[in-house]
Amino acid sequence: MSTTHPTTILEAVTADEATGRPIPDAATREVIGYAPVHTISDLDAAIAAARAAQPAWAALGHGERSRILNAIADEIEANAEELAVLLSREQGKPLDGPNARFEVGACAAWTRNAADTPIEPEVVFEDGAARAELHYEPLGVVGAIGPWNWPMMISVWQIAPSLRMGNAVVVKPSEYTPLSVLALAEVFNRHLPAGVLTVIAGDREVGAAIAAHPGLDKIMFTGSTATGRQIVESSARNLARLTLELGGNDAGIVLPGTDVAAIAENLFWGCFINTGQTCASLKRLYVHDSLYDEVVDALAEMAQAMPMGRGLDAGNVLGPLQNEKQFDIVRRLVDDARGRGARVVAGGEPAPELGPLFYRATVVADVDDGAELVAEEQFGPVIPVIRYADVDDAIARANASEQGLGASVWSSDADEAVAVARRIQAGTVWINQHGALNPNIPFGGTKASGYGHEFGVHGLKAVSSPKVISR
């Protein structure tokens, strides 16, 4: 298909000013476009169209669907800068650094991975007289509900594997970042049959209707634990299969004897990638007494040096909080820690000269587990650094959270790090890094951080229906 279009992607997806909902630039709060206001009736129509289109899409087979997905990845790359600019404005993350351009590149990479990952029937029993094979068939229609922090990338994690396995998909983006997901779907739909992929830019009422909708066979959700619990309850009505990637209050443990200079940069970005607005970023850092001051000073120095500002301005690598609600949460948690006697070593206050929702990169020392900043997921540019003297105690404190999405161990001794990692309750434990994802490596949480896995062959199986053929 041709990639030449008479309008920009934003012009193609934005609604009329008279009927749409204004969407602000996260940094300046100026209106950048208008999102359509879809209703439950629109959702019903989208699901009906998806159910009608899905059998023919499934009938194309893996080879043709993979070819189309690779063409979509090419299309994403051909429009990467336009997508990144829109994402930067709507979400707030800068173009530079591990941010908007990085996210759009990840969209292409994960789409290709979904296209190219082999998934073959598995022989589960064979004795000469009998043979049983496990096949993976399409489920039907997948309902995907996405977040506002990585709106394009996480949507691709939901969409691309579902399409590869022969499903149709109906996507409900966050009310904060609908234009980014509508733009992504516009690029996908240049290569897809009508009805196979639809975005419904509705409110919370529409999101709630997805979880209980009888026309959906699978729900994929990335967001808060509280909303995840509501989805579990609602899905009892239709028995839809679930993949839930919920909140994470990820802990990191710096072990004694670690070379702080060697880990400082990875440690910083483990905390502050996407200005801290990442489910699997480092939210609370436990550091041994012997290294405590050195780690605090290293993080503070980097926090004060990292350029923060409007995402479209070259060189910035930290941006604003995406919305007022999250800005208020971050400010409340830091103020509470300060009121408890914690020491704010860097930041600790808004940066109004940059814009209304900017909060300076913040390092908080001399804080304990009783502070709200440690007990809650701050989801912003703040890291509390907690002192410990005994490794067993640090592990117990890391495991005390109800959440278990990710964690990390930092050490110059690889064997010691692995031994500690095995004792931490989390879906992924990284060593000398935090939040690094690979499309071939399964990703998912434990405890109240959800269940189900995404990525690679595990992700393909999660959006399919296993069928045993026995003969």
Just for the chain, what percent of DSSP beta bridges are antiparallel, to the closest 5? 40 percent
³J(HN,Hα) across the range 429-435 via Karplus (A = 6.51, B = -1.76, C = 1.60, θ = phi - 60°), whole Hz, x for Gly/Pro? 10, 8, 10, 6, 6, 8, x
Solvent exposure of the chain as accessible area per residue, Å², 1.4 Å probe: 38 Å²
Using R₀ = 41 Å, calculate the FRET efficiency as 1/(1 + (r/R₀)^6) where r is the Cβ-Cβ separation of ARG204 and ASP368; round to 0.05. 0.70
Antiparallel %, DSSP beta bridges [both residues in the range 71-216], to 5: 35 percent
How big is the equivalent ellipsoid of the range 5-109 along its three axes, where each semi-axis is √(5λ) from the Cα gyration tensor, reported in whole Å from largest to smallest? 28, 23, 11
How far apart, in nanometres, would the label points at ALA261 and LEU134 be if each is projected 7 angstrom from Cα along the Cα-to-Cβ direction? 5.0 nm
Given labels modelled 7 Å from the Cα in the Cβ direction, how far is it in nm from ASN438 to ASP328? 4.3 nm
Take every Cα pair under 8 Å in the range 392-471 that's 6+ residues apart, average their separations, divide by the length, and report that relative contact order as a whole percent. 26 percent
For the chain: relative contact order, % (alpha-carbon pairs under 8 angstrom, 6 or more apart): 18 percent
For the chain, what is the mean residue ellipticity at 222 nm derived from helices alone (per DSSP H run of n ≥ 4: -39500 (n - 2.57); sum divided by total residues; nearest 500 deg cm²/dmol)? -12500 deg cm²/dmol
Got a sec? What order do MET165, MET306 fall in by accessible area at 1.4 Å, biggest, i.e. largest, first? MET306, MET165
Starting at 0 and stepping by 10 Å, how many percent of the alpha carbon pairs of the chain end up in each bin? 4, 20, 29, 25, 15, 5, 1, 0
Taking the Kirkwood radius as the inverse of the mean 1/r across Cα pairs, report the Rg/Rh of the range 101-209. 1.10
Any chance you could look up the accessible area of ARG131 with a 1.4 Å probe, heavy atoms only, rounded to 10 Å²? 60 Å²
The range 320-387, relative contact order in percent, only Cα pairs under 8 angstrom and at least six apart counted: 35 percent
Compute, for GLU30, the solvent-accessible surface of its heavy atoms (probe 1.4 Å) with the complete set of protein chains present, and express it in square angstrom to the nearest 10. 110 Å²
Would you kindly find the accessible area of TYR451, with a 1.4 Å probe and non-protein molecules such as ligands, DNA and RNA excluded, rounding to the nearest 10 Å²? 110 Å²
Of all lysine pairs in the chain that are eight or more residues apart or on different chains, those with Cα atoms under 19 Å apart total 7
Share of the chain's accessible area from carbon and sulfur, percent, 1.4 Å? 52 percent
In nanometres, the difference between 0.36 nm per residue of separation and the alpha-carbon distance of ALA59 and ALA45 is 2.8 nm
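The values are calculated or read from the model by the stated rules, or taken from the named source; none is laboratory data. Just so we're clear, the structure is a prediction, and the values are computed from it rather than from any experiment. Cβ coordinates were reconstructed from backbone atoms using ideal geometry, including for glycine residues, and neighbour counts include every protein chain displayed. Please note that ligands, DNA and RNA were not included when accessible areas were found on the heavy atoms of the full protein model with its side chains. Shrake-Rupley method; radii C 1.70, N 1.55, O 1.52, S 1.80 Å.
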